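Please read the structure below before turning to the comments.
The values are calculated or read from the model by the stated rules, or taken from the named source; none is laboratory data. This one's a predicted model, so the numbers in the text were calculated from it and none came from an experiment. Ideal geometry is used to build each Cβ from the backbone, glycine not excepted, and the neighbour counts take in all protein chains shown. Side chains are part of the model used for accessible areas, which takes the heavy atoms of the whole protein and leaves out ligands, DNA and RNA. Shrake-Rupley method; radii C 1.70, N 1.55, O 1.52, S 1.80 Å.
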Amino acid sequence: VIIGNMYIGGCTLERHVNNARNDAPAYRYRKIDADGNLQQINDYSLSLALRNDDWDYVTVQQASPVSGKPEAYEPWLDELVAYVESFVPDAEIVFHMTWAYDQGYDHKKFATYGYDQLTMYHAIVSTVRQQTARIGIRTIIPAGTAVQNGRSTVLVEKMTRDGYHMSKPHGRYLVACTWVEKILGCNVMGNPYCPEGMTQEECRLAQKSAHAAVRRPYKIRRIK
């Protein structure tokens, strides 16, 4: 597996589109090759990244504060997808569904959801379902549901590092399990890899949370 990541912290779909329109070298490009070696290049443009390899999948996502706001997607998602397809017409476009913030997180970006985790989660689910169906994106990585599933377990206190970024290793491992199962199509249940800092039981719960989300991407499951 070769992974490319175009990074700008908190980047909205609108900002991605403006960068695409201007071919702006505004990103840090992180590429991991098939042997796990990481290369990072600053001042990279979307057009360069899309031409950099023979991509099978290209994933897009909305910035988390506005992930549950339909008005933040139109027309930006449409234009971004069209731009990607102009460079990699054979790649599958995938949407990464982000997660709700921790209950008790007091940042102003949470205020639009009434500082309520389930309100934010359901807004994200509703918006993602609506917007991806509208433009024909069929593959959704349900990280938001996987995280919500994990919050029904002892992982709840270890999921994030600051109220919304995934923690290392617990939160990142859970979301990684979701990506692996959805993109590669392999069942993560029972996978022997467990990162340093997690117990075998914590890894089992993370795997089960991810697996349940892939099976039912828009429904929270209580994990045991």
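Residues of the range 126-147 that are open to solvent by 10 Å² or more (accessible area, probe 1.4 Å) and not in a loop (DSSP other than H, G, I, E, B): S126, R129, Q130, A133, R134, I135, T139, I140.
Any chance the range 171-191 includes a residue that's open to solvent by 30 Å² or more (accessible area, probe 1.4 Å), under 30 Å from L48 (Cα atoms), basic (K, R) and in contact with a helix residue (DSSP H, G or I) (Cβ under 9 Å, 6 or more places away or on another chain)? The answer is yes, given that some residue of the range 171-191 is open to solvent by 30 Å² or more (accessible area, probe 1.4 Å), under 30 Å from L48 (Cα atoms), basic (K, R) and in contact with a helix residue (DSSP H, G or I) (Cβ under 9 Å, 6 or more places away or on another chain). Among the residues of the range 154-170, the ones that are small (G, A, S) and either closer than 19 Å to P217 by Cβ or buried (at least 17 other Cβ atoms within 10 Å of the Cβ) (or both) come to 1 in all. Within the range 163-186, does at least one residue satisfy the condition of being closer than 23 Å to K109 by Cβ and in contact with an Asp or Glu (Cβ under 6 Å, 6 or more places away or on another chain)? Among the residues of the range 163-186, at least one is closer than 23 Å to K109 by Cβ and in contact with an Asp or Glu (Cβ under 6 Å, 6 or more places away or on another chain), which makes the answer yes. Of all residues in the range 192-205, those being open to solvent by 20 Å² or more (accessible area, probe 1.4 Å) and part of a helix (DSSP H, G or I) number 3.
When K208 is tested against (1) under 17 Å from the mean Cα position of the chain (by Cα); (2) open to solvent by 10 Å² or more (accessible area, probe 1.4 Å); (3) over 30 Å from P75 (Cβ atoms), exactly one condition is not met: (1). Screening A26 with (1) in contact (Cβ under 8 Å) with a residue 24 or more places away in the chain; (2) crowded, with 16+ Cβ neighbours inside 10 Å gives one miss only, at (1).
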